[in-house]
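For reference, the structure discussed in these notes is given below.
Rule-based calculations on the coordinates, nothing more; no lab input. Worth saying up front: this structure is predicted, and the values here are computed from it rather than measured. Positions of Cβ are generated from backbone atoms using ideal geometry, with glycine treated the same way; all protein chains shown enter the neighbour counts.
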Amino acid sequence: MRNQYSLYLKVGDEVFHKKQRRWGAGVVVEERRSEVPGGFCYVRINFRDGQTRVFDNNFMSESCCYYCGIRKINED
């Protein structure tokens, strides 16, 4: 049985955090999905402040980065 994810971000997406503007813009540098049922799906984002932060990337999760304030800069 494979996990079902609804992914929000992909590698290369440019983003910002609505509540943490001081972080500056960021770029998604890694995206991972667990093959284990109930596993985690995450993205690593390098922000302009020099920090790399990790966020849940599953739109179906209450803790998805979208619901926490991460937004794409350029919507396709």
- Item | Backbone HN-Hα couplings from phi across the range 44-58 [Karplus 6.51/-1.76/1.60, Hz, Gly and Pro as x] | 9, 10, 8, 9, 4, 6, x, 9, 9, 10, 10, 9, 5, 10, 9
- Among Ser34, Tyr66, Tyr5 the positive-end extreme of the charge dipole of the chain (Cβ point charges): Tyr66
- Item | DSSP-assigned coil residues among chymotrypsin sites (Phe, Trp or Tyr not before Pro) in the range 17-76, each with at most 16 further Cβ atoms within 10 Å | Phe40, Phe59
- Message: Are there any trypsin sites (Lys or Arg not before Pro) in the range 1-65 that are in a DSSP loop and have at most 14 other Cβ atoms within 10 Å? List them by number.
- Response: Arg2, Lys10, Lys18, Lys19, Arg48
- Query: Do the sum for the chain: with -39,500 (n - 2.57) for every DSSP H run of n ≥ 4, divided by all residues, what is the mean residue ellipticity at 222 nm, to the nearest 500 deg cm²/dmol?
  - Reply: -500 deg cm²/dmol
- 10 Å-binned pair-distance histogram of the chain (Cα, whole percent): 21, 54, 22, 4, 0
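Counting only GluC sites (Glu not before Pro) that sit in a DSSP loop (anything but H, G, I, E, B) with at most 15 other Cβ atoms within 10 Å, what is the longest stretch of the chain containing none of them? Please report the intermediate quantities before stating the final value.
Details: sites that count: Glu35, Glu62, Glu75.
Value returned for the longest uninterrupted segment is 1-34.
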- Val36 to Tyr67: FRET efficiency via 1/(1 + (r/R0)^6), r the Cβ-Cβ distance, R0 22 Å, to the nearest 0.05? 0.45
- Once amide hydrogens are built 1.01 Å from N within the peptide plane, the residues lying 5 or more places from Phe59 or on another chain with amide H under 5 Å from its amide H are Ser6, Leu7, Tyr8
- Item | Assigned charges on the beta-carbon of Lys, Arg, Asp, Glu; the chain dipole about Cα centre (debye) | 280 debye
